[in-house]
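The values are calculated or read from the model by the stated rules, or taken from the named source; none is laboratory data. Everything numeric here is computed off the predicted structure, so don't read it as measured data. Virtual Cβ from ideal backbone geometry, glycine too; neighbours counted across all protein chains shown.
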Amino acid sequence: MFDKSNRRLVTQVITGLTLIVIGFFFLLDNMDLFYLHDIWKFWPFIIVAFGIGRIITAEGVRDYLKAGWLIFIGLWLYMSLQHVFGITFAESWPLILIAWGISIVLKELFIPKQETNHEEKECCHGN
């Protein structure tokens with residue numbers, strides 16, 4: 001969808017905009033114009049935003065899986081911290097194992113073996 005230079009541009013713009021928004025809220029909080037405490041409970045959505053950014057720039061299944069992990073972790077953190085549906089960390093940590101298992105299965109089923117073998121060769125024999 002995006003070539004490498006466009007992908008980097010989009011990633012950098014999303015990262016920059018996220019930092020600008022966070023900085024803006026901290027500035028307003030310091031000026032007593034806005035109370036950050038009111039929205040601080042939504043911090044896990046920063047992780048979700050990075051996951052969405054990765055989806056926008058995804059080039060293949062591997063990128064979608066990485067983006068999915070970021071989105072899952074952000075939503076899981078929010079639900080556990082805010083006790084959405086009564087969920088807490090103590091009850092919900094097995095979801096991490098389930099999601100990890102799903103990602104392993106999806107990676108095995110949808111990422112071509114050539115891509116996996118090529119990456120392993122670069123990793124281990126590229127020195």
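Exactly one residue out of VAL84, VAL105 is loosely packed, with under 14 Cβ neighbours inside 10 Å and more than 30 Å from TRP40 (Cα to Cα): that is VAL105. Against the condition among the hydrophobic types (A, V, I, L, M, F, W, C), modelled with pLDDT of 85 or more and not in a helix (DSSP H, G or I), how does PHE72 come out, does it pass? Answer is no for this residue.
With respect to the conditions (1) outside any helix (DSSP H, G or I); (2) loosely packed, with under 11 Cβ neighbours inside 10 Å; (3) within 19 Å of the chain's Cα centre (by Cα), PHE42 falls short on a single one, namely (2).
With respect to the conditions (1) under 16 Å from the mean Cα position of the chain (by Cα); (2) assigned to a helix (DSSP H, G or I), ILE104 falls short on a single one, namely (1). Name every residue in segment 55-69 that is in a helix (DSSP H, G or I) and in contact (Cβ under 8 Å) with a residue 40 or more places away in the chain, in order of residue number. Across segment 55-69, the qualifying residues are ILE56, VAL61, ARG62, LEU65. The set of residues from segment 26-39 being part of a helix (DSSP H, G or I) and surrounded by 14 or more Cβ atoms within 10 Å (Cβ to Cβ) comprises just one member, ASP29.
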